[in-house]
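Every read-out reported here was derived from the displayed coordinates using simple, explicitly stated rules and does not represent laboratory data. It should be emphasised that the depicted structure is a prediction, and the values quoted were computed from it without experimental measurement. Positions of Cβ are backbone-derived with ideal geometry, glycine not excepted, and every protein chain shown enters the neighbour counts.
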Amino acid sequence: MEGVHKVNLFCNLKPMVILPFVLLCCFPFFSHAAVATEECLGCHEAYKGSVHSELSCTDCHGEVTKIPHAEKLPKPSCSECHDDRVKRFSSSVHALEGIDCKECHDVHFLNKGAKQRIDATICVRCHKKTCEAYDNSVHAKKGAVSCTGCHNPHNIKTYKELNANERKAVCSRCHKDYMEKHGWLPNTALHFTYLECTTCHSPRSEKSMVFFFARRDGQKKVPLTFRDFTGILGSGGKISMLAQIERDPVATSADIEALFAVLRKGLGRHLLVEASILVTTVYHDHSVKSTVKKSCALCHSGEAPFYRSMYLILPEQQGNLYLPVKGTLLSSYPLQMVLDIVLIGLGKIKQADIDALFKLGPSERANYIKDLGYKWIDLVGLALLLLVLIFVSLHLVLGVLIRR
Amino acid sequence: MKRIFLHTLTIRVWHWVNAFIVILLAITSLQLRVPDIALFGAYKSGVLIHKYAGYAMAASFMFWLGYSLLSGNVRYNYVFRQKDLAGVFPQARFYLLGIFKGEANPFVPAAKAKFNGLQKIAYMSTMFVFTPLIIMTGIVLSDIFYFRPLIYSIFWGPRMVDAIHVAVVYVFLIYMLIHMYMAIFLGTRLSHVKAMIFGYEEEPVPENPEKA
């Protein structure tokens, strides 16, 4: 009876219940059925100490079902385990340049102690010049930080994609007291709104005055994104859609004015042009301290180096376009465009401006007269002063002569 | 020669203190505008001197305004009246021609009528338009963070404040140039300058044509 009872029990179970149970019991045999890790290590013994050795080889190389396997195996997908990191990495400049995980991380030899952190020996493979400059810097000599101490290679952007605040954020992680240390600088907070650390602390880097379109949001000024641009201009692809910019990749004040006028239709009075003084060609020694001159005239003068290198930043779908800016700027723009940007020394008329007014041809002169902008205050003011001085001198001389 | 009392002690002291502040501001402004000219050493020193001299100028102006309103200085010497208008053209003709021909000055100052029509136009515009504009824009520029809301609500941004400040300063400098020239060279033996020191101006007594 007992036997009959057992048979009845199995007969009463439905196939829908049995099948998953059987599959579940057999899963380990199917999944690792082909090759066991011990078998792999027979040939690849060196991989034993890897941080990945906690996994079985077929966790990543699931397609290996027998030994010997094919010489070239398909690339395993790191995102199955490192999903977040791979997602972040996919928008980094490294990923956009076609670099994959394996270029920096030797997954088989990843040392357990060092974990995933890579060192400068990896970075130097591509960034030789940068590493050489850095090796001679105070940061390196004092052993302050390695590359990854400042830069996260998984979400790194190119230097030109970082605005002044993002650049300052890198330094201020260690140099938290930078505002107090720069108390000697008049209007410290105002200066740091427009500058980044390396503007001064890397004398061999090239500095530029960069302009960008921004939107006023309460007290904040938010740089326009690619989406903002295409939302207003209705154009996909590159922002550099202005025909004349495409033909001649240099922005004149007229080009920027035209673009401003179009954008203003979409954003109204909230639109403005902002500026920063940024490093645009990096020499990777950011630790120069003693030779930094505490001289205001270094920047507040028409001779400041960044006037010779000015750019308009236009956001692209990926990255930013740095468009060289030609001619006198800022002071020549309509007021509503550059309300916020004042840099002492910029509105000052120079000998070269006056010379140019006399030497240029009629059509060029008309443009130049417009480009002088706020410099006209100096020009007219000085001319009037000179005229009055001449008049007064004549009056004096005439008076003396007649009295004799 | 007759001596006419023109300037009270208060006005004389204020004038020279104010002149010192204006000269300090003018010199430092040159360094601010042309940073390569380091008259006061570091640019920062120039900026600070200009800033505090500016505050002193504001205080000096407020003092002058209060004193002038209470003492009648504004009422007697600054308010432009019908008869002042009539005197403008003869006065201008005198400075441009008559002075060279040895003609007498058509205007004779008195303690309660110090300025001729031309002077009234110059001093009134300087003290009630240009100086207040320079002071207001200067104070705003002295701390653009603190005055930020004001800068946008009244002045259309810091660039415009700067532009107004500099443009009016040029007008003020032209006024200063003419003022100093006329004070030093157009009186009789520095009579205008002496009047601002001692209070009394020595005026030549016009010859009586009947007696001559």
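The simple spin-label model puts a point 7 Å past each Cα toward its Cβ; for A:GLU39 and B:ALA104 those points are separated by 13.1 nm. Within chain B, the longest run free of exposed loop sites, counting chymotrypsin sites (Phe, Trp or Tyr not before Pro) that sit outside DSSP helix and strand states (H, G, I, E, B) and have at most 12 other Cβ atoms within 10 Å, spans B:1-144.
Among the listed pairs A:LYS128/A:LYS207; A:LYS157/A:LYS265; A:LYS128/A:LYS157, which have their C-alpha atoms separated by more than 24 angstrom in this model? Intermediate results must be reported in sequence, preceding the final value.
Values: A:LYS128/A:LYS207 22 Å; A:LYS157/A:LYS265 32 Å; A:LYS128/A:LYS157 18 Å.
Distance filter (> 24 Å) returns A:LYS157/A:LYS265.
Cα-based radius of gyration for the range A:172-228, normalised by 2.2 N^0.38 Å, reads 1.40. If you plug the beta carbon distance of A:VAL397 and A:ARG308 into 1/(1 + (r/R0)^6) with R0 = 45 Å, you get a FRET efficiency near 0.50.
Loop-only check: which trypsin sites (Lys or Arg not before Pro) in the range B:102-141 are DSSP coil with at most 12 other Cβ within 10 angstrom? The qualifying sites are B:LYS112. Label-to-label distance, A:ASP84 versus A:ILE99, with points set 7 angstrom from Cα along the beta-carbon direction: 2.2 nm.
Multiplying each eigenvalue of the alpha-carbon gyration tensor of the range B:1-119 by 5 and taking the square root yields semi-axes of 36, 20, 13 Å, largest first, rounded to whole angstroms.
Tell me whether the range A:45-90 comes out rounded, prolate or oblate; compute the Cα gyration tensor, take square roots of the eigenvalues as a ≥ b ≥ c, and use a/c under 1.5 as the rounded threshold. Verdict is oblate for the range A:45-90. With Cα atoms as the point set, the range B:2-203 shows a radius of gyration and Dmax of 18.9, 57 Å.
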